[in-house]
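Asker: Submitted below is the structure of interest, expressed as structure tokens.
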Ligand code: GRG
């Protein structure tokens, strides 16, 4: 991608490869009768995606000198949870999508029941991995990881945000009342909280002091919103990976997004301002957070 530093390019590639190998080990191919659910989990979790959330886990973990195995298992757990949300979001009862990461969605490749089970299994496997002693020797660290991820993913986080989103899509009256503050809150719940956990996990694993945790939280808040605004822009401008599916989707569905509320130019400016704000929170790291800074530009410039 033009403008991306060589260091970031290499880190994105290396970290994605390392997470892929970890996922491959944590979700094995098996031949028992339940093998089909493993196959569908592997289909959804391996070989695709930007791996942004694992990148954030691994990069913050590096700042706090966390052992590689702890960081990789945590990064893989977050990606499992993310993939569960994508599988369920694609189901006929939700977005009813045919394509994900340039391939048939899980329920198209297998069937609806298998896709529901594969999502459930990825969700539960994520917590199993975090709770295992192999992830961290200190039980209080493991407990914090489990509880923070549960809060980020549950009814006050991602699931609640998804409910909020579905209601506003289905009921025109609620939709008309949506303003920038309401949509910001919805996206903060739906995608921001998991991005927030991804930035915080390295700090939890590395037992970082509160001041640095707060800086990461503020960074993640602004990065997560910028990520979502870019997602809305891509839905309008077209994502090459899903061309024909997402182009003009928002206008056609009547869905309220940052773009429908602000217009293209102001939405782009808003994302840029949030990106600058995210970077400003990293000052406390004194140059130790260069990759976190560079990834902001990557998020703003992404095309898929
Ligand atoms: C179904 C419980 C439940 C939750 C769904 C995250 C989510 C909530 C739905 C995903 C649908 C979606 C397209 C949301 C917009 C932003 C987003 C999370 C996009 C997908 O994440 P990326 O771009 O995907 O990081 P990759 O494939 O790169 O991992």
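What follows draws every value from the coordinates through simple rules; no lab data is involved. Note that the structure is predicted; figures quoted are calculated from it, not measured. With ideal geometry, Cβ positions are generated from the backbone for all residues, glycine too; neighbour counts draw on all protein chains shown.
Asker: What are the radius of gyration and Dmax of the chain, computed over its Cα atoms and given in Å?
Answerer: 18.7, 54
Asker: Shifting gears a bit: When the Cα centres of the range 123-146 and the range 151-219 are compared, how far apart do they sit, in Å?
Answerer: 22
Asker: What spacing in nm lies between the two simple spin-label points modelled at residue 108 and residue 180, each 7 Å away from Cα in the Cβ direction?
Answerer: Label-label distance for residue 108 and residue 180, simple model: 3.6 nm.
Asker: Whole percent per 5 Å bin, from 0 to the bin with the longest distance: what is P(r) over all C-alpha pairs of the range 1-90?
Answerer: The distribution over the range 1-90 is 3, 13, 23, 22, 17, 12, 7, 3, 1, 0, given as percents.
Asker: Between residue 264 and residue 303, what is the spin-label point distance in nm, taking each point 7 Å from the Cα along the Cα→C-beta axis?
Answerer: Between residue 264 and residue 303, the simple spin-label model gives 1.6 nm.
Asker: With springs connecting C-alpha atoms under 10 Å apart, model the chain as a Gaussian network and identify which of 39, 133, 148 has the largest mean-square fluctuation.
Answerer: 133
Asker: Still on this model: From the Cα trace of the range 65-190, what convex hull volume per residue do you get, rounded to a whole Å³?
Answerer: 136
Asker: Let me ask you something else. Suppose each label sits 7 Å from its Cα in the direction of the beta carbon; what would the residue 213-residue 166 distance come out to in nanometres?
Answerer: 3.2
Asker: Between 111, 231, 24, where does the largest GNM mean-square fluctuation fall for the chain, given springs only between Cα atoms within less than 10 Å?
Answerer: So, out of 111, 231, 24, the one fluctuating most is 111.
Asker: What list do you get for 257, 114 if you sort them by fewest beta carbons within 10 Å?
Answerer: 114, 257
Asker: Here's something else I'd like to know. Starting from the Cα-Cα distance between residue 284 and residue 99, subtract it from 0.36 nm times their residue separation and give me the gain in nm to one decimal. Mind dumping the intermediate values first?
Answerer: Details: separation 185, 0.36 × 185 = 66.60 nm, distance 4.14 nm.
In short, 62.5 nm is gained.
Asker: Quick one: length gained pulling residue 276 to residue 30 fully straight, 0.36 nm per residue minus the C-alpha distance?
Answerer: Taking 0.36 nm per residue and subtracting the Cα distance, the gain is 83.9 nm.
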